[in-house]
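**Student:** Handing you this structure, nothing more for now.
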Amino acid sequence: MKVLKIIGNCSLVFLAIIGVLVSIAFGYYHFFVHDITVGTNYVDNQIGIDVVEADKLNEEQKDQYEERYFMEANFYSNSKNNGIALQELKFNYFTDYRLTSDGYRSTGMQFLGDLKQEDLTLVETTEEHANRDEPGGFSYYDTTNGISWDGNKLRTQLNRESAFTIKIDNRAFQIQLTGTYEWTTYKRQWYTLWIWNKPTVHVWMYTYLDVFADCMQAIRSNSAGFGDYYVTVDLSEYFTIREYDIESGKYKTDDVTDIIKNYAVLKFHYDENGARNSTQSIFKCIDCNPSYDVEDKNIDTSYWQERMVYNLTNKDFDLRYSEVYGGYFISLSMDTKSLFADMPRSKVNVDISMQYGDKKIVGIDYNGFENFEIDTLTVEGSGKFYMLEKSLFNSKLQTLKRSKSISFEIDSGAIDTSYTEVIL
């Protein structure tokens, strides 16, 4: 009995020592060991898991089901000056986690011209606006059942709020544009007695414009030149990918790797010719026109103006003084409207300051910008700002920015389109 007691005590001491050693090892690992597991996810074909083998498909079915990648692009460079430059990018995905062919859907964007990375500029904006904003200057399409269409608010919006279901290793994942770019500027301030530079951190939230420009650069710089090819591109700078959890029915954050490198196959067609008709487009439409056609005697070479951005300020407007409102109303002259009518692919931003020299600007006059297309209207200052009848009618305004201290008085017939409002 005494022997068993001694053996039991020794066993307890031995187990306690093992427990202490394990605890020490765990503590050391937890606080001092930070190995990073690097995982690689390949986003390649987006063919439904219910599709049969290729040798069992007819030619029509092959066109519909095969060679379907998450990213497809089309680039007509117009190097031969025999059409128009055209760039297109399409995202293929599924409508639900089942990943079957009846859930095929595509969303894409189309640019008339040759958009380059140097054409992009960093512009700071609010997080809400960045998440909901869709880059201007593009035509957008959804594709369902082989038919592409632009339904404005009825189609999928290519912004940071949209998430797409894709297939990786026959499992459902959700991919979403979430990437940002940060940079710091330094400037001396008076309250530092001009002794040191005060750092300011800026954050640029990536949009699909950045993704589009990078894809076109990848195509433009490919070593094989013109033709039909596939390249593997790294998505980790732009996108977050989350796996679908069948048990919870929700998409979860990654719990497998600390850093995920997401590579996607970009399938593209790169052509030295210019696009001449809508059948050459992956959407079968050019500029939302399914009957688009270029005649030899009337080749449209004005597409390059799409990249021209014009900013109109107080000095560009006509002024009308109103005793009733105690200030000046602005409007656009007929000459200016006629000038931009000859540049249909231009992008115009309007910047209004309510204090213009010794003049007080109180609003936009009757028919001030009627039938004049505006991308972004910015009003800075304080007090009431009036928009009279038809002042922005048929302007296709996309974004309206204003100072926090401004309140708008908008006539019921002043504007006829929906827009995004941003507080500066």
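The values are calculated or read from the model by the stated rules, or taken from the named source; none is laboratory data. Everything quoted here is computed from the prediction, not taken from an experiment. Using ideal geometry, Cβ is built from the backbone for each residue, glycine included, and neighbour counts are taken over all protein chains shown. All accessible areas refer to the heavy atoms of the entire protein, side chains included, with ligands and DNA or RNA removed. Shrake-Rupley method; radii C 1.70, N 1.55, O 1.52, S 1.80 Å.
**Student:** Restricting to segment 261-285, what's the tally of residues that are in contact (Cβ under 8 Å) with a residue 24 or more places away in the chain and over 20 Å from N92 (Cβ atoms)?
**Tutor:** 7
**Student:** Oh, and also: Would you kindly identify the strands (runs of 3 or more DSSP E) lying entirely within segment 348-403 that contain at least 3 residues that are farther than 18 Å from T313 by Cβ?
**Tutor:** 383-387
**Student:** Consider T121 carefully, then state whether it is surrounded by fewer than 15 Cβ atoms within 10 Å (Cβ to Cβ), in a loop (DSSP other than H, G, I, E, B), modelled with pLDDT under 90 and not small (G, A, S).
**Tutor:** Yes.
**Student:** Does K62 fit the bill of being over 18 Å from L177 (Cβ atoms), modelled with pLDDT under 85 and either open to solvent by 10 Å² or more (accessible area, probe 1.4 Å) or assigned to a strand (DSSP E or B) (or both)?
**Tutor:** In short, yes.
**Student:** Scanning segment 394-408 for residues that are more than 15 Å from I361 (Cβ to Cβ) and not charged (D, E, K, R), which turns out surrounded by the fewest Cβ atoms within 10 Å (Cβ to Cβ)?
**Tutor:** For segment 394-408, the residue satisfying everything is N394.
**Student:** For segment 211-238, enumerate the residues that are out of contact with any helix residue (DSSP H, G or I) (no Cβ under 6 Å at 6 or more places or on another chain), at pLDDT 90 or above and either within 16 Å of F91 (Cβ to Cβ) or buried (at least 17 other Cβ atoms within 10 Å of the Cβ) (or both).
**Tutor:** Matches in segment 211-238: V211, F212, D214, C215, M216, A218, I219.
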